[in-house]
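The values are calculated or read from the model by the stated rules, or taken from the named source; none is laboratory data. Here the structure is a predicted model, which means the values were calculated and not measured. Heads up, the Cβs are rebuilt from the backbone with ideal geometry, glycines too, and the neighbour counts pull from every protein chain shown.
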Amino acid sequence: MKRMVSGIKPTGGLTLGNYIGAIKNFIDFQDEYELFVFIADLHALTTKQDRLELRKRIKDITALYIACGLDPEKTTIYIQSEIAAHSQLSYLLECHTYMGELNRMTQYKDKTGKNMTESITSSLFTYPVLMAADIILYDADFVPVGDDQKQHVELTRNIAQRFNQRHGDFFIVPEPVIPKQGARIMDLQNPLKKMSKSDDSDKGSILLLDDLNRIRNKIKSSMTDSDSEVRFDQENKPGISNLMTIYSTLASITYKEIQDKYIDKGYGVFKSDLAEIVVDAIRPIQERYNEIVKSKELDDILDAGRDKASKIAYKKIMKANNKLGLGRKR
Ligand code: ATP
Ligand code: LTN
């Protein structure tokens, strides 16, 4: 069975973008692949976090993974920081990564903006190397992610290949798996920007744990273009095209079918229907989340995930140390 690894960082409440771009695909893949899904809490530390909030979000993401349909019998679910080998391998990989490569990462450029200020952490710069470690530590063949992470997986491939060239075949060179549709859900208030969980305002993001009426309101007041034709045109009608993508992925119908259905109906009817489709998708997730978030089951799942993942990770990091001539001969 081929192996897949992916993670989400607990920097805010999970969004519909995280669900459509990542989690929904994990669920689809878990029967076909050996799936490892973790909570990337070390990655969250690249920006300032409140410790109690962070703890809560780690539990929330775990509960949401399960509530969305990840089956712990099939999928290994664990917390990144509970496995020391992620950080250990990250350092070894930093020794095989060039500053120029990290300088080209668009997510870093976006997050830091044009002005390199004193207050940007060096971990925000080196973070893609930790991500590479997260992946190749487990010999993953595939990495299911949204569109924004494609560049990081490309970097992972380059680092793995460089390591293999220098030291002999050791890491599997992984491939990204990006969904054909929904790989980049946009902000509802600014459809030129990605929907994100760590924005200051959550008006443009639908959170999986939002009150259902708030979700309806966010969709109804989402920004759309000035005409009222429901038609997919990413370039000229980014607002409605984004809503159509959400509709299409959740209701499993094509753009053409949506277009035909709303041909003379305008945005109002379309948005009301979409609001119900989104609420119907999210309601059962919230119900299951509420049942399990405080249960002992969650800790048991994380314990089992940690035990399984750490065995694999420990073996690999020991071999990597050996390959580089670190420590004593074993
Ligand atoms: P942040 O806002 O803190 O940068 P994020 O919402 O982008 O975080 P991540 O933890 O970085 O979330 O991403 C988890 C997964 O969700 C990744 O695979 C990422 O590509 C995917 N993802 C995030 N936002 C979207 C989106 N708007 N559309 C589709 N996929 C997304
Ligand atoms: N960098 C990703 C989250 C992430 C990840 C990973 C995804 C951290 N490690 C390993 C896939 C595989 C992000 O910011 N979205």
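Here are the numbers for the structure shown:
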quantity	calculated
Residue match in segment 104-127 (condition: within 28 Å of Thr15 (Cα to Cα), surrounded by 18 or more Cβ atoms within 10 Å (Cβ to Cβ) and within 10 Å of ligand 2 (Cβ to nearest atom))	yes
Residues of segment 118-166 that turn out to be among the polar types (S, T, N, Q) and over 15 Å from Asn103 (Cα atoms), as a count	5
Flag if Lys9 is under 11 Å from the mean Cα position of the chain (by Cα) and free of Cβ contacts under 8 Å to residues at least 40 places away in the same chain	yes
Boolean, Val37 is over 17 Å from Lys197 (Cβ atoms), within 10 Å of ligand 2 (Cβ to nearest atom) and in contact (Cβ under 8 Å) with a residue 12 or more places away in the chain	no
Scope segment 1-40; condition touching a Gly at 6+ places or on another chain (Cβ under 9 Å) and over 17 Å from Ala183 (Cβ atoms); matching residues	Gln30, Phe36, Val37, Phe38, Ile39, Ala40
Pairs, first over 16 Å from Leu16 (Cβ atoms) and of a type in the set (Phe, Trp, Tyr) in segment 232-249, second modelled with pLDDT of 95 or more and in a helix (DSSP H, G or I), C-beta under 6 Å, six or more apart	Phe232/Ser241; Phe232/Met244; Phe232/Tyr255
Of all residues in segment 205-229 being part of a loop (DSSP other than H, G, I, E, B), under 17 Å from Tyr267 (Cβ atoms) and not aliphatic (A, V, I, L, M), the one that is nearest to ligand 2 (Cβ to nearest atom)	Ser222
Of all residues making up segment 196-226, the number that are in contact (Cβ under 8 Å) with a residue 12 or more places away in the chain, among the acidic types (Asp, Glu) and surrounded by fewer than 16 Cβ atoms within 10 Å (Cβ to Cβ)	0
Scope segment 30-40; condition outside any strand (DSSP E or B) and either out of contact with any Leu (no Cβ under 7 Å at 6 or more places or on another chain) or small (Gly, Ala, Ser) (or both); matching residues	Asp31, Glu32, Tyr33, Ala40
Candidates Ile172, Ile253, filtered to the one that is more than 20 Å from the chain's Cα centre (by Cα) and within 16 Å of ligand 2 (Cβ to nearest atom)	Ile172
Test result for Ile172, within 15 Å of ligand 1 (Cβ to nearest atom), among the hydrophobic types (A, V, I, L, M, F, W, C) and either free of Cβ contacts under 8 Å to residues at least 60 places away in the same chain or part of a loop (DSSP other than H, G, I, E, B) (or both)	no
Single match in Leu54, Leu45, Leu93 (criterion: crowded, with 24+ Cβ neighbours inside 10 Å and either polar (S, T, N, Q) or modelled with pLDDT of 95 or more (or both))	Leu93
Flag if Ser252 is within 22 Å of Ile282 (Cβ to Cβ) and surrounded by fewer than 13 Cβ atoms within 10 Å (Cβ to Cβ)	yes
Which numbered condition Ile312 fails, given (1) in contact with a Ser or Thr (Cβ under 7 Å, 6 or more places away or on another chain); (2) within 15 Å of Ala133 (Cβ to Cβ)	(1)
